[in-house]
Each structure stands twice: as C-alpha cells, then as structure tokens.
1. Only one of 153, 162, 170 is at pLDDT below 80, in contact with a helix residue (DSSP H, G or I) (Cβ under 7 Å, 6 or more places away or on another chain) and either closer than 18 Å to residue 19 by Cβ or not aromatic (Phe, Trp, Tyr) (or both); which?
2. What number of residues in region 244-267 are surrounded by fewer than 17 Cβ atoms within 10 Å (Cβ to Cβ) and of a type outside the set (Asp, Glu)?
3. Go over the candidates 54, 65 one by one and state the one that is assigned by TED's automatic domain parsing to the domain that holds residue 204, at negative phi, modelled with pLDDT under 70 and surrounded by fewer than 16 Cβ atoms within 10 Å (Cβ to Cβ).
4. Which condition breaks for residue 430 when tested against (1) in the same structural domain as residue 374 (by TED's automatic domain parsing); (2) part of a helix (DSSP H, G or I)?
5. With the structure loaded, tell me whether residue 423 is surrounded by 24 or more Cβ atoms within 10 Å (Cβ to Cβ), over 35 Å from the mean Cα position of the chain (by Cα) and more than 30 Å from residue 228 (Cβ to Cβ) or whether it fails that test.
6. With the checklist (1) modelled with pLDDT under 85; (2) surrounded by 15 or more Cβ atoms within 10 Å (Cβ to Cβ) in hand, flag the one item residue 651 doesn't pass.
7. Determine if region 606-626 includes at least one residue that is outside any loop (DSSP other than H, G, I, E, B), under 24 Å from residue 447 (Cα atoms), aromatic (Phe, Trp, Tyr) and out of contact with any helix residue (DSSP H, G or I) (no Cβ under 8 Å at 6 or more places or on another chain).
8. Within region 337-392, work out how many residues are of a type outside the set (Asp, Glu), in a helix (DSSP H, G or I), closer than 22 Å to residue 416 by Cβ and in contact (Cβ under 8 Å) with a residue 40 or more places away in the chain.
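The values are calculated or read from the model by the stated rules, or taken from the named source; none is laboratory data. All values reported here derive from a predicted model rather than from experimental measurement. No Cβ is skipped: glycine too gets one built from the backbone with ideal geometry, and neighbour counts run over all protein chains shown.
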Amino acid sequence: MRIITRRIYRAFPELDRYDDDRCERFVRAARRGFVRSAVRMGLVGLAFVVAMIAGLFPLWYAGGAIDRWTPIRQGTPLGMALLMVLIAVPCLGLAPLAGFLTRDFLLRRRVRYVLRARGVCLNCRYTLIGLPVGDGNTVACPECATECHVDPSLGELTLDESGMARYTPSPDALPKPLFLTPGRVRFLRRSAWVIGGVLVFGLPLAWGTYEIRLRKQAAAAITQKPGIEALMALIEAHQPPGVTPEDPNGFERFQQAVVLMQTIDAGIWKGTTPPPAKATHPEFTFVYEWPIRAFGREPTENERAVNEANRALAIQLLEEYRAKGLFDTLRQAADCRRAVEDPGLPPGSPLASYMSSNLGPMRSLARMGAARMHQALERGDTADFADALRSTLALSRIAAHQGLAVNRLVGIAIESLALARARHALAFHPTPEVVAAIETAIAEQTMRVSIDLLIDAERAMATDYLCGFFSDPATVRLGKFSSAIRTLSGGVISGRLGTFAENLTAVQEVFGTAKVLSTEELFARQPAPPQWDESGLVLVDILLPALSKILRSEDQITMERRGMAVLLALAKYRFKNGTDPDSLAALVPEFLPAIPIDPYSGQPFFYVKLPGPDAQGRRYLVYIPGIDGIDDGGRQPAPNNAWFVLTGSDGPTTRGFDFIINDNDR
C-alpha cells in the first residue's frame, strides 16, 4: 500500500524509476492549460468556501452554548477564550484542509489520466512512458508499431538507449516562459502556507482575543450599571430642602386624583351612559378658547355642533369633578412638598423599564384646571381661581420632580398653560385679589427643580442602557451589524458601535457640556457641540435626548416667568397710582428689584404705552425683540406666527416683529 504524501507522483508505480525533479516537471506539464487551471482553482475555492461555512455553524452554536452555560459564564474571561480557541481551531481548520484535499484529488486524477489513458498504445495498451515523443506529440508503439498521439507532458519522461532518464522532450513539451516561474511558484506556495497558518491558527487566536475583550468589557459594564436605585436616589436628593421620604407624597395624591377622574369619566362618557348628543370626548380647551375656528376658517354647521357638544360635556364633567372631590384631592397634592413616583420595579431593574404612564392624565388635568380657572373668573370666584391655578402649577412641579426629560417637558408645557391663563386674568379681571392669588400660587408652586436633575437623570438613563447593552457579549459580537443594533435603529445604521469605554466617555462629555450650557442665558450660550447631533457612535446618537430642544423649552419658560413678573408689577403699580407707568424704570425698586433680562436677546424687557385700548383691551405692550434682536416698537405679527418671531423661519413674516408678552390671542 502506497502512502500518499505531498509528492503525489509517488502514488503511481509507473513513475518510480524517475527522480523527484523529473516527476515534478512532468506534473507541472500535465496540469498546464488555462481552462484546466481555472476549473481546478474554482473547484478548490468552492471546497474552501463550503468547508468554511460548514465550520462556522458548529462554531456559532458552540459560542451560543458557552454564553448560555452558567459554569463557563462564571469562569474567568481567559479560560472562556481559551475554550473558544480550542473549539475554533478544528472548526475553522476544515476550510484549508478541504482546499488541499480537493487540489490533490484533482491533480492525482489528472496524472492518472495522462499515465493510463494518454500514455498507452490505443491498439495494444502497451505503455509508452519513457519513449521519445516526436513531432506532433506522436510515439511509435514498440509492440505493434502503431503510431499514437500522447499527452505532451510525457516528453518529460523520456529515456535514452541505456535506459537512463534523459531530458529530451518534444518541442511542444518544452517549458514556456509563463508568469508562474519556479521562483514565483515557490513564493506562492510559501504564501499559501502562511495564509493557511493564519486561517488555522491566527484567526482563532484573534477571535479568542476579541472574545476576551468582549468579556472584560461586559464585566466592566456590569459593575458600572446604575440601575433604578441610582435614579430614585437622584430624585430624592433633588426634593425641596428639609423634605424626607416619610413626608406626604404629592405624586401619590396625584395618582389618587387620576383614579378618581377615570372613575367619574367611566360613569359619564366612557361607560354605558351615553354622552350628550354628538359629543365624542370632553374638550376642556373649548371652555377657555371659544368660539373655535377650524384651521383658520369658520367651522361648518356639523363641526360647530360637535364642538358645542364636546364643550358641554367638559362643563358637565367639571361639575362632577367638583362634586366628587377631585379638586380636593388635587389641593392635597399641591400641599405636599415631596413628589416621587414609585417606579414599581424590583431592585436591579434596567432604567429602560421605567416609563411613566401618568403624563397623559397629567396634561388632561392641566387642561381641566385651565377651564376651571376660566369659569371661576367668569363667576367672580377668586378663591376657586386661586385654587385651580395653584393645583395646575403643582402638576407642573410634580412632573418636573421625576427627573426625566419627557417629564420636565410636560411640566414646562403645563406651567406655560397656567401662566397663559394667569395673563388672561390680568388682562380681563385685574383686581388686587386676583393679582395676589397669582403671586401666591407662583411663589408656592412654581417648578424650581434644578435642570441638573434632568441632566443627571438622563445621563443615568443612557449609562444604564449602555451597561445593559454591553454586558452581554452576544449582543455586540458583530458590532454595529448586531441584530440588537438593527432592531434599535430600525435597520438604518449610521456610524459605528465603538467600545463600551468610548460610548461611556461620549455620554459623559455630552451631558457635562449640557450642564455647563444650562447655566448660561441663551444670548450668551455657546453653540451646541456637533456631537449633540451626530457623535459617530450608533448607540449614543440613538440614546441622547433632544438636549437642544430641552434647553429651548427652558429658555421659553424662563422668558414667560420674567414676563409674568413684569405684568404683575404693572398691575400693582396701577392699583397704587391709578395709572400706568411711563416706563418700566418706574417699577424699580418698589415693585421689581430690577427690569428682567430677556434670555433671547440679552436686553431688558421693552414697554410701550398705547394711546388707547386696542382690540384686546390693552393699554400697554410688554415685549421682547424677535429673532432679529431689533426693537420694532411692539410691532406684532399674525397670531399664528407669534412663536416663530422667537425661533425664526425662512419666511419674511418673522422679521421686523417683536414678541408680545401680554398677547392673549396666541
């Protein structure tokens, strides 16, 4: 039995009398030909690819099994990586082995064909190996004298008269100057060995090193995970001074109010009792904004009927809320200085599980409070107006105390709504009692939660998600092409995943910058850094909240608060002096410590007395410059464009105007 080695020609007894050099030349000549070489290389490559794919399946399954096997997960990262290397070497080694075996099989098949099909007499099957090859690749059979065509490569195996192997090939069998010279062949052979070594040993080693890094990264992520406890500690730390966890919780009272509201709603318009004719839902906005225009036009008869029904339903509910004690429950919530929502999650839960479900009801209660304020003023009930304003501002404060950006934005929207109703009260019901009620409610309930809570809470949220994401090597093994990343990004992947340390550093830098920018007025604030919009890291770009929008909302509510202070001071000045001042300077220092600064332009608030009451009944205008920063004397844009004067737009309608503080049409 012959053992097939790297010298495949030794598998054939016909070549035993030839030395290695003569046999190697014969094998090279036998496999020559472009088509033949292309087919051989294609089959070898196909075998390599098929074996590589076949080896990846057990390797992938083994990786998943190791990730799921608790004793291994609890071991050292080095031990797990070595185990993966031991599994990877035989799995990935199948590919080069399959390539070599396929190449040798094809080569032996070609040599066998030349020796036993093209190297014998076609008439008597006498071997022609060793005979001189004549012109036209013909050999005369010494047995039957038949002239036979043979393979040109047999010219490498001719013998002389003494039976010695001599190199006397035919002209067609002579080596031709090809690209694959013997030196280049040796180079390619050595390169193939190097590449094979890299595939068999280097690739598993590199993969094992990558696995070690993934597991070290996972261990670091687990140790730095904030968890729900960190968020709750932040919220508790930002409660008003002197408040302890044992104090009454305003959020619990608010939740009781929500349950009571839902119970009343279920019995009137969500339950079996039909609502008023044509009513679809209570619209509290229609109570204080009536009549309603539909997209800048007069509503149709049917639209007007539906609006009236919805307004009537809202008024009916206000009476039911009052009778069933909803307003009393909201008053109790406003009396509580502490406001902390119970997340209802066990310790160690990811922060992503914390999603407040109370923001929708909170906004409904705020609109209900605005409608209640309007009704109280219409009745001349200052006490009820004050209670409604106080309860509505308390909702804003309670929302902001929960820390997250969405809660604070809802709190700002609620406070803006309450201040709008207060401005309306100053315009149409300017009595000393109303002014005192507004001042008292603002002093007690205005949201004074530092924006640092929002920044620290959102930083904890992003950090917790990063830690959870990187704590499982299987989640990040394929980088930004991992299934978890594709799911999170909706299949649109921009940027790279990066390491846990890179992502954590980027998050810390962005929120650190946000803290610095939040301490500055808008007019002095530096532009937001580019990484706020696109950091180049997939997770960071997805996780970061809209920090620019949050700061814009803070600027807006700061402007509204300062504008309200000016309006209250003007009302008190008129009560004392019987007339309006000629300038805001007359309010300082008795009614205002100083003229407030507009956070948008950095200029003091502007004021102009009107020659007589305008269409809104105003005797003066309090305003700030628009986006152009120019005092246009209180020139007012169309109501729908009021906010665009501050934010800017491409159209000319937002230039050359001012933003009016005491505008009751926006």
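1. Within the list 153, 162, 170, the selection yields 170.
2. Here the count works out to 9.
3. Testing whether each residue is assigned by TED's automatic domain parsing to the domain that holds residue 204, at negative phi, modelled with pLDDT under 70 and surrounded by fewer than 16 Cβ atoms within 10 Å (Cβ to Cβ) leaves just 65.
4. Evaluating residue 430 over (1) in the same structural domain as residue 374 (by TED's automatic domain parsing); (2) part of a helix (DSSP H, G or I) leaves (2) as the failure.
5. Answer is no for this residue.
6. Condition not satisfied by residue 651: (2).
7. Checking region 606-626: at least one residue is outside any loop (DSSP other than H, G, I, E, B), under 24 Å from residue 447 (Cα atoms), aromatic (Phe, Trp, Tyr) and out of contact with any helix residue (DSSP H, G or I) (no Cβ under 8 Å at 6 or more places or on another chain).
8. Looking only at that region, the number is 23.
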